[in-house]
Ligand SMILES: [Zn+2]
């Protein structure tokens, strides 16, 4: 068994979608810096992400869209047609300096992961997880769809049965476009009900291969444990996948500004722990997450868990320095961050009652026959 590999890149350190966009905060660089500060990222485990070539992206995205992204990056301007056809230049999907290179680097990492996992193993690409991207247009901060490209890459390298598990606060509408109706792909998504993009209601099975579980606001750790133990793990086990792709968004955590769930980072990590070892190949992607501290603390721990390392109770100074240097301008959560956002990785558990609506929704999905 090979040791887990971390795919990263420096492009993510200074790239921003603009001063007021939720993706103005650093994320991947925080994970890399924290991991290095903890001695968790030796060169033997780090891979610099390649940038995907247009030809590789065109396995799912349209050539005219890829060409538009490259042209817009060069000119830093959009035409009326770019807005109308590709939804670029909106508040959500703005023009920014690395508008092609940044998503192409995240996608290049995910495509490479599909290739490297041919022989089995564990790969972490925290820059990946852009699950809203559509074949011909940007969608929900996502210009490309690297989870789809990762799964196509796995398929290209002979890996057939893929379980895609998505615990981001938002429904993966783009991935559903890519793999809906594919009997060799099992898709499970847990996402906040009635949150953008408002797809993924419980009746929607994406053509027969998806379990969509919308959850109420305030979802707590106990509820996520119930969902994990009764839905996610049994369904993945029964599917007997050749590979698992886990999208581990950090926007379901309580401190996130874009959702209303109330998970601690233990909940996401417990889903990861449960899935480890259930298939010979595991790819973990990032996803959403818009509070720089909760993203960094969760995603660094993801890398620790993949390696079997527990973080220290109290972080060493070098790691605290990484967290203390983060800024969250324009958000009240950035004004007086609690001390434990600097000194620890692990949240206190946020347990609570498992509400009937959560139990009922899980049961409804368990009763359903897949086509
Ligand atoms: Zn999200």
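The values are calculated or read from the model by the stated rules, or taken from the named source; none is laboratory data. The structure displayed is predicted, hence computed values, not measured ones. Here Cβ is always computed from backbone atoms with ideal geometry, including for glycine, and neighbour counts include all displayed protein chains.
Observations on the model:
- The residues listed here are 186, 116; of these, the one that is touching a helix residue (DSSP H, G or I) at 6+ places or on another chain (Cβ under 6 Å), touching a residue at least 40 places away in the same chain (Cβ under 8 Å), more than 16 Å from the ligand (Cβ to nearest atom) and farther than 16 Å from residue 60 by Cα is 186.
- Filtered residue count, region 205-248, keeping only those that are more than 15 Å from the ligand (Cβ to nearest atom), surrounded by fewer than 17 Cβ atoms within 10 Å (Cβ to Cβ) and part of a loop (DSSP other than H, G, I, E, B): 5
- Complete set of residues in region 135-183 that are in a loop (DSSP other than H, G, I, E, B), away from the ligand (no atom under 14 Å from the Cβ) and touching a strand residue (DSSP E or B) at 6+ places or on another chain (Cβ under 8 Å): 159, 161, 180
- Cross-chain or 6+ apart pairs with Cβ under 6 Å, region 131-154 first and at positive phi and in contact (Cβ under 8 Å) with a residue 24 or more places away in the chain, then part of a helix (DSSP H, G or I) and within 16 Å of the ligand (Cβ to nearest atom): 141/23
- Among the candidates 230, 255, residue that is farther than 24 Å from residue 370 by Cβ and modelled with pLDDT of 95 or more: 255
- Answer from 256, 251, 270 - the residue that is within 15 Å of the ligand (Cβ to nearest atom) and touching a helix residue (DSSP H, G or I) at 6+ places or on another chain (Cβ under 8 Å): 256
- Being within 16 Å of the ligand (Cβ to nearest atom) and on the phi < 0 side of the Ramachandran plot is a condition met by no residue of region 307-318.
- Of the helices (runs of 4 or more DSSP H) that lie entirely inside region 1-110, those containing 3 or more residues that are in contact with a helix residue (DSSP H, G or I) (Cβ under 7 Å, 6 or more places away or on another chain) and within 30 Å of residue 121 (Cα to Cα) span 11-14, 28-37, 54-57.
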